[in-house]
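**Student:** One structure, as structure tokens, below. Some questions next.
Coordinate-derived values only; no laboratory data. Computed from a predicted structure; not experimentally measured. Don't worry about glycine lacking a Cβ; one is built from the backbone with ideal geometry, like all the others, and counts go over all protein chains shown.
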Amino acid sequence: MKLIRNICIFIDALNTLVGRFVAWATALLVAVVFVDVVMRYLFKTSYVFTQEFEWQLFAFIFLMGAGYTLLLDGHVRVDIFYQRMSTRTRAWVNLLGVLFFLIPGCLMIIITSYGFAMTSFTILEGSPDPGGIPYRWLIKSCIPVGFILVLLQGVSMGIKNLFTLLNIPFNKDEPEGKKA
């Protein structure tokens, strides 16, 4: 059990680290958009590089931050029913959701995007536009990596919910046989 707990703790720590890095990327995105708007409206000029950097930063934030968002339970869900459920019923919903939706969905995207990203990396794909970002393969590589992070966080979430269903405390501070 200790090994399984340590795996969950490692996954949570990994997504927390990535999430903190993504937070800085979000601040960078705000600065880039601000500079682009100032350049466009005050100086009547715009650069392809800046526009591509905006959408690539947004894609990076979305893809790489999804696992951290799952860790913090920040994804959108229909809480009309979920919020009224007991802890045990929520654990069942989460575990079944992870097993039947999250894991298969992530695996499908990882498998299908891997070739896409590898092809882009192999040819060192860049922007087709003059003055664009020369490293488009970097953002395409974030697709499988981001979904690997979500998959890992889903595994951690599934294990924690399984512990809840089996009345096994996840944290050392929880009393044994805690009622769910």
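**Student:** Looking at Phe49 and the list (1) in contact (Cβ under 8 Å) with a residue 12 or more places away in the chain; (2) under 23 Å from Val145 (Cβ atoms), which single condition is not satisfied?
**Tutor:** (2)
**Student:** Quick check on this structure: which one of Thr50, Thr45 is part of a helix (DSSP H, G or I) and more than 11 Å from the chain's Cα centre (by Cα)? I'd like the intermediate steps shown before the answer.
**Tutor:** On the way: Thr45 fails: part of a helix (DSSP H, G or I).
Answer to the check: Thr50.
**Student:** Here are the criteria: (1) over 16 Å from Phe60 (Cα atoms); (2) touching a Gly at 6+ places or on another chain (Cβ under 9 Å). Tell me which single one Ile133 does not satisfy.
**Tutor:** (1)
**Student:** Could you check segment 74-115 and list, in sequence order, the residues that are farther than 18 Å from Asn161 by Cα, in contact (Cβ under 8 Å) with a residue 24 or more places away in the chain and either of a type in the set (Asp, Glu) or surrounded by 14 or more Cβ atoms within 10 Å (Cβ to Cβ) (or both)?
**Tutor:** The answer is Cys106, Ile109, Ile110, Ser113, Tyr114.
**Student:** Considering each residue of segment 1-27, count those that are over 21 Å from Leu72 (Cβ atoms) and in a helix (DSSP H, G or I), and give that number.
**Tutor:** Qualifying residue count for the region: 3.
**Student:** Please indicate, with yes or no, whether at least one residue in segment 7-22 is surrounded by 15 or more Cβ atoms within 10 Å (Cβ to Cβ), closer than 30 Å to Phe163 by Cα and basic (Lys, Arg).
**Tutor:** Scanning segment 7-22 turns up no residue that is surrounded by 15 or more Cβ atoms within 10 Å (Cβ to Cβ), closer than 30 Å to Phe163 by Cα and basic (Lys, Arg).
**Student:** Mind counting the residues in segment 137-174 that are in contact (Cβ under 8 Å) with a residue 24 or more places away in the chain, charged (D, E, K, R) and farther than 24 Å from Leu124 by Cβ?
**Tutor:** Total meeting the criteria: 1.
**Student:** Sticking with this structure for a sec: Give the residues of segment 1-22 that are touching a Leu at 6+ places or on another chain (Cβ under 9 Å) and small (Gly, Ala, Ser), sorted by residue number.
**Tutor:** The one that is touching a Leu at 6+ places or on another chain (Cβ under 9 Å) and small (Gly, Ala, Ser): Gly19.
**Student:** Output the residues belonging to segment 146-168 that are over 16 Å from Leu96 (Cα atoms) and surrounded by fewer than 19 Cβ atoms within 10 Å (Cβ to Cβ).
**Tutor:** Ile148, Asn167, Ile168
**Student:** Quick one: count up the residues across segment 4-28 that are more than 14 Å from Phe60 (Cα to Cα) and free of Cβ contacts under 8 Å to residues at least 60 places away in the same chain.
**Tutor:** Residues that pass the stated criteria total 6.
**Student:** Which numbered condition in (1) under 24 Å from Met157 (Cβ atoms); (2) over 19 Å from the mean Cα position of the chain (by Cα); (3) of a type in the set (S, T, N, Q) is the only one that Asn94 fails?
**Tutor:** The failed condition is (2).
**Student:** Moving on to the next point. Would you mind finding the one in Val98, Val93, Val145, Val155 that is under 25 Å from Thr26 (Cβ atoms) and among the hydrophobic types (A, V, I, L, M, F, W, C)?
**Tutor:** Details: Val98 fails: under 25 Å from Thr26 (Cβ atoms); Val93 fails: under 25 Å from Thr26 (Cβ atoms); Val155 fails: under 25 Å from Thr26 (Cβ atoms).
Selected residue: Val145, the only one of Val98, Val93, Val145, Val155 that is under 25 Å from Thr26 (Cβ atoms) and among the hydrophobic types (A, V, I, L, M, F, W, C).
**Student:** Right, next: Which ranges mark the helices (runs of 4 or more DSSP H) fully within segment 63-180 that have 2 or more residues being within 30 Å of Lys2 (Cα to Cα)? Explain how you work it out, then say what you get.
**Tutor:** Values: elements: 79-82, 87-97, 103-122, 136-165.
Hits in segment 63-180: 87-97, 103-122, 136-165.
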